[in-house]
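See below for the structure under consideration.
Each value in this text was obtained by applying a stated rule to the coordinates, not by laboratory testing. Just so it is clear, the model here is predicted, and its values are computed rather than measured. As a convention, Cβ positions derive from the backbone with ideal geometry for all residues, glycine included, and neighbour counts pool all protein chains shown.
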């Protein structure tokens with residue numbers, strides 16, 4: 001894989017998809033449909049998916065592609081594949097809360113090694129560089145060329161009191177019970193894959209997810225967190241969270257800074 005080319009393509013496609021999403025977000029009204037699993041889908045999901053899929057297939061025709069919005073891709077089996085959630089946090093989009101993201105990642109041998117997470121309503125963009133390290137790009141976010149990039153790194157909490165981030169739309173008692181095992185300094189809520197990025201930047205130390213997710217929901221954020229020195233492990237036994245699983249469904253998981261001493265369920 002040409003990682004330099006991949007970085008450029010993923011970044012540009014995420015920005016273009018963000019523009020398509022924000023055009024619909026700015027409308028007075030838009031249709032919300034339900035998929036077979038009762039999750040919402042909008043014209044923004046579909047427009048972003050079409051744009052990203054076409055761009056990735058043109059740039060990397062020999063690399064398998066898995067995307068949330070194309071059910072036929074959910075049976076793909078490959079050791080190396082691109083995986084896309086064109087609009088993660090559709091509920092945040094529908095309720096106009098701004099915490100939605102564009103997600104594109106590369107998985108190699110079960111590990112998300114490169115990725116981009118772009119929150120167009122918040123103008124925050126995080127991605128891996130060709131060497132695998134992660135940055136947040138600031139400035140105008142122009143498509144023609146990257147702007148200023150700030151390296152990001154996970155926190156090193158040394159006093160035992162943690163900053164915890166949890167889901168806005170999927171918070172439940174099981175999550176609260178697990179968080180209660182820790183000394184918590186403060187908590188914040190965020191939608192979509194932004195939670196991974198808050199751990200990656202050191203704005204949070206711990207993100208437990210006790211609920212259903214799919215690999216396209218997590219791969220890009222996982223890649224960004226990996227590149228910032230963080231980890232994502234299974235909730236039950238703290239083994240690394242892997243990708244390319246049958247059906248692309250995830251177990252419960254914990255994203256964290258390595259300095260955090262994890263508690264078992």
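So what is the calculated 222 nm ellipticity per residue for the chain, using -39500 (n - 2.57) for each DSSP H run with n of 4 or more, over all residues, to the nearest 500 deg cm²/dmol?
Helix contribution divided over all residues of the chain: -8500 deg cm²/dmol.
Taking the 0 to 90 degree range and rounding to the nearest ten, how far is the long axis of helix 43-59 tilted relative to the main principal axis of the chain, both from C-alpha atoms?
That helix lies at roughly 80 degrees to the long axis.
How would 93, 196, 235, 30 line up from fewest to most surrounding beta-carbon atoms within 10 angstrom? Please list the in-between numbers first.
Values: 93 27, 196 33, 235 20, 30 13.
In increasing order of surrounding Cβ atoms, one gets 30, 235, 93, 196.
With no solvent and one equal point scatterer placed on each C-alpha of the chain, evaluate the Debye formula and give log10 I(q)/I(0) for q = 0.17 Å⁻¹, two decimals.
-1.38
From the alpha carbon gyration tensor of the range 179-251, can you work out the equivalent ellipsoid semi-axes (sqrt of 5 times each eigenvalue) and give them in Å, largest to smallest?
Semi-axes (√(5λ), whole Å): 20, 14, 12.
In which sequence would 189, 155 go, from the one with the fewest C-beta neighbours within 10 Å to the one with the most?
Going from least to most buried by this count: 189, 155.
Please give the direction-averaged projected area of the C-alpha convex hull for the range 49-114, in square nanometres with one decimal.
That works out to 4.9 nm², a quarter of the Cα hull's surface.
Give the distance, in whole Å, between the Cα centre of the range 86-107 and the Cα centre of the range 216-265.
That distance is 19 Å.
How far is helix 215-227 tilted off the main Cα axis of the chain, in degrees rounded to 10, range 0 to 90?
Helix 215-227 sits roughly 70 degrees off the main axis of the chain.
Compute the angle between helix 3-25 and the longest alpha-carbon principal axis of the chain, please, reported from 0 to 90 degrees and rounded to the nearest 10.
Approximately 80 degrees, to the nearest ten.
For the range 3-151, what is the largest minus smallest coordinate of the Cα atoms on each principal axis, given in angstrom and ordered from greatest to least?
Projected onto the principal axes, the Cα atoms of the range 3-151 cover 42, 39, 23 Å.
Provide the gained length on full extension for the span residue 43 to residue 122, in nm with one decimal, where the gain is 0.36 nm per separating residue minus the Cα-Cα distance.
On the way: separation 79, 0.36 × 79 = 28.44 nm, distance 2.00 nm.
Between residue 43 and residue 122, full extension yields 26.4 nm more.
Quick one: order 129, 87, 13 by neighbouring beta-carbon count within 10 Å, fewest to most.
Exposure proxy ranking, most exposed first: 129, 13, 87.
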